[in-house]
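K.L.:
One structure, as structure tokens, below. Some questions next.
The values are calculated or read from the model by the stated rules, or taken from the named source; none is laboratory data. Just so it is clear, the model here is predicted, and its values are computed rather than measured. Cβ coordinates were reconstructed from backbone atoms using ideal geometry, including for glycine residues, and neighbour counts include every protein chain displayed.
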Amino acid sequence: MAKQAEGKKEGKAVVRKVNEGISMGAKNDLEVVGKLERLGLDMLKQIDDETTPTFSTALRSKSNIIYDQGVGYIRLGDKTEERRFVNVGQARKFMQTVAIASKCKKFLKEDAHTSIRGLYYQLKFSLGDTLDEELFSEQSESNPLVEDLEVALTVKREDLNLNTDRKGVVAGPLTIKDKFGGEEVTIDCRKQGRSGWMIPSDVDNGMDFIDVDADYVLVVEKDAMWQRLNEDKFWKKENCILITPKGQASRGCRRLIRKLASKKLPVYCFTDCDAWGWYIYWAIKTGSMNLAYLGNDIATPEARFVGVTMADIKDYDFLEQLTINAKEVDIKRAEEMLSYEWISRNKDWVAELKTVLKTKKKIEQDALQGPRLSFVGDYLREKIEKKKFLA
């Protein structure tokens, strides 16, 4: 009983850290701070009622990840998990979660941002003045708990002032107002030169679309191909917003694409003709298993695939001589994609993947520059005009 009482006392001291005074910032911060405070107050009430503090969140294991055909994206199911502070096996993780919540509230108070790596080092330093214990030995311990908070509080980590790496570039008829660091800047994505506008990890808080005057969004897998199209001013000639995720799309890039699609802009994806390029498209379209808890915010089910496809070999004869032998890792990835429910139900995609498995060939989007550098623009223009898409 003494140990349990001591545990409750210690737990109360830790939880109180979430509820220290704060100078309220922006309205969005008010909402997030309120959620953090309610989390702490609920735990304190449990302690005052002499019941063990608990933390509940949605279960993020594979068994609770589903493809919802009705909405067209991957999401979490209804299973939950609960952690108890006085449970020997869960106490450490419980305290770690509370410490992360406390630290994020501090960031919001200071209107300061950091990366999840920066959060890890802040937490690794010390829990506080009275409890001097190393909370985390590796960042792999803290990262999943940030995700737990995202799920439990129905917020994104960016709402907690936690950044991820910037990845992705934009050019085209899009004007953005960015309020950050006490300043307000207007960004015209038509006037960013050869470099384009770098997509931040947070495209929601303090960022607004002033003008979106485009006919569609074109997502180009590779930065080198984006540069080719940018140099040709493809976005200007076709009045489109040109985006490259520079490989697999980051959270910020996927979120930006989702926001543009919500403006009723068609979204077309242009990747390599291999399982890796195709999976980039599917991650944009349906979301991904590791981010299933953000499906509604980052998935764009209405996205369409413009190319490159194995079927293009019949329509563009020169591609036959520009195919590349698929590696074993490409073959395994194609087989894996065929096992995904959201892909296997689409006969056109099954046909594409089976062609890769049969021929053991692939085509890079760069091959479209074979006849001439500007041919890639002609290819995209023809496919979009004739609506030659894969769903």
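K.L.:
Suppose we keep only residues that are touching a helix residue (DSSP H, G or I) at 6+ places or on another chain (Cβ under 6 Å) and aliphatic (A, V, I, L, M) within region 212-256. Which one would you say is surrounded by the fewest Cβ atoms within 10 Å (Cβ to Cβ)? Break it down stepwise before answering.
P.N.:
Within region 212-256, the first condition is being touching a helix residue (DSSP H, G or I) at 6+ places or on another chain (Cβ under 6 Å), and the residues that meet it are 217, 220-221, 225, 232, 234, 242, 244-246, 248-249, 254-255.
If we keep only those that are aliphatic (A, V, I, L, M) as well, we get 217, 220, 225, 242, 249.
Working: Val217: 26, Val220: 27, Met225: 20, Leu242: 25, Ala249: 26.
The extreme case among them is Met225.
K.L.:
Mind listing just one residue for me: the one in region 254-296 that is small (Gly, Ala, Ser) and over 11 Å from the mean Cα position of the chain (by Cα) and, of those, farthest from Glu158 (Cα to Cα)?
P.N.:
First, the residues of region 254-296 that are small (Gly, Ala, Ser): 261-262, 275, 277, 283, 287-288, 292, 295.
If we keep only those that are over 11 Å from the mean Cα position of the chain (by Cα) too, we end up with 261-262, 275, 277.
Details: Ala261: 20, Ser262: 20, Ala275: 30, Gly277: 27 Å.
Here the residue is Ala275.
K.L.:
Working only within region 179-211, note down all residues that are surrounded by fewer than 18 Cβ atoms within 10 Å (Cβ to Cβ) and aliphatic (A, V, I, L, M).
P.N.:
Val185, Ile187, Met198, Met207, Ile210
K.L.:
Does Tyr279 qualify as being surrounded by 19 or more Cβ atoms within 10 Å (Cβ to Cβ), hydroxyl-bearing (Ser, Thr, Tyr) and not in a strand (DSSP E or B)?
P.N.:
Working: surrounded by 19 or more Cβ atoms within 10 Å (Cβ to Cβ): yes; hydroxyl-bearing (Ser, Thr, Tyr): yes; not in a strand (DSSP E or B): yes.
So Tyr279 fits the description; yes.
K.L.:
Then there is this: Can you tell me which of Ser142, Ser126 is modelled with pLDDT of 85 or more, over 15 Å from Tyr293 (Cβ atoms) and either in contact with a helix residue (DSSP H, G or I) (Cβ under 6 Å, 6 or more places away or on another chain) or not assigned by TED's automatic domain parsing to the domain that holds Tyr216 (or both)? Talk me through it step by step, then tell me what you get.
P.N.:
Values: Ser126 fails: modelled with pLDDT of 85 or more.
The match here is Ser142.
K.L.:
Check off (1) surrounded by 13 or more Cβ atoms within 10 Å (Cβ to Cβ); (2) in a helix (DSSP H, G or I); (3) not β-branched (Val, Ile, Thr) for Lys362 and give me the number that stays unchecked.
P.N.:
(2)
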